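The values are calculated or read from the model by the stated rules, or taken from the named source; none is laboratory data. Predicted model, so just to flag it, every value in this text is computed and none were measured. Cβ sites come from the backbone with ideal geometry, for glycine too, and all protein chains shown count toward neighbours.
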Amino acid sequence: MTGPTFSGDSLVVTDLHVEFSGFVAVGGVSFDAHPGEVRFLIGPNGAGKTTCIDAITGLSAATGSARLGEQELLGRPVHKIVRLGVGRTFQTASVFNELSVLQNLDIAAGRHRHWASLLRTRRGVAPSIVQALEETGLAGELATPAGILSHGQKQWLEIAMLLVQDARVLLLDEPVAGMSHDERTATGELLQRVAAKRIVLVVEHDMDFMRRYATRVTVLHQGKVLSHGTVAEVQADPKVQEVYLGTAGAATTAAMSVVPEAAAAELASSPQAAAGTQQEKGD
């Protein structure tokens, strides 16, 4: 099978191990992600998905390798990993609620500016901020306090903050959790635009969202790689069907495409699951 053509540095994770007091949270996980694709990590609660991106971003000690181009990320402090262009979001958006959208983006962009320039009176909006606002659909919310944005808009603002920091890698932890159907669609389209020139790695529980927007998928289970490939390849994998549907023999690819109620109960526990979003909290 011929895959997509990638340009720019790739993120290559090899034999990643993370332990907490003797408990193996991630046990030898390997995967890669490239500019030009929307890469997904999926799996049941406790599979190790968030722990993987915690390790990549320096929040959890790990062994193995996580390389961005020629740069090894493991073992570096968090701020140095950020300076290499690795950004992430969390399940709860980390924005300054009391400040406007523009002020949030100005703070995020400030790390690329000399300290003296931060003290000068603003003479306009930086081109990088204008571009991020347009890309995320927030151009009309320039003066809006972040605290009154919708849930989806807060997530888009957090992505915009990474864009103005010129992040080369965006690691997104459940970006559509709690979003409306329209917000999920807008977010998927946003990720496709962002991924054209950057690495986008998404940790997600929403299977419908994954099916619509994933280029490639890695399925984790109990801290190990269970399967990887295209959406169709992963859905057809009997091991994946067994984990998600409880029985490999009875599961079919068609069943995976609609995710029956029995599977939804295992995939998610939130009220939104009953409406078909199949979201879970935590990892």
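How about the stretch 139-156: which of its residues are under 16 Å from MET179 (Cα atoms), of a type in the set (A, V, I, L, M, F, W, C) and assigned to a loop (DSSP other than H, G, I, E, B)? Residue satisfying the conditions is LEU149 alone. Scan the stretch 12-23 and tell me whether some residue there is over 22 Å from ASP206 (Cα atoms), within 19 Å of the chain's Cα centre (by Cα) and either touching a residue at least 60 places away in the same chain (Cβ under 8 Å) or part of a loop (DSSP other than H, G, I, E, B) (or both). So far as the stretch 12-23 goes, no, none of its residues is over 22 Å from ASP206 (Cα atoms), within 19 Å of the chain's Cα centre (by Cα) and either touching a residue at least 60 places away in the same chain (Cβ under 8 Å) or part of a loop (DSSP other than H, G, I, E, B) (or both). Can you say whether ARG67 is touching a strand residue (DSSP E or B) at 6+ places or on another chain (Cβ under 7 Å), touching a residue at least 24 places away in the same chain (Cβ under 8 Å), charged (D, E, K, R) and over 20 Å from SER227 (Cα atoms), as far as the supplied structure shows? When the stated conditions are applied, ARG67 passes them. For CYS52, the conditions (1) crowded, with 17+ Cβ neighbours inside 10 Å; (2) part of a loop (DSSP other than H, G, I, E, B); (3) not basic (Lys, Arg) are fulfilled apart from (2).
For the stretch 82-102, a tally of residues being of a type in the set (D, E, K, R) and touching a Gly at 6+ places or on another chain (Cβ under 9 Å) returns 1. Looking across the stretch 95-122, the residues that are part of a loop (DSSP other than H, G, I, E, B) and modelled with pLDDT under 85 come down to ARG113, HIS114, ARG120, THR121, ARG122.
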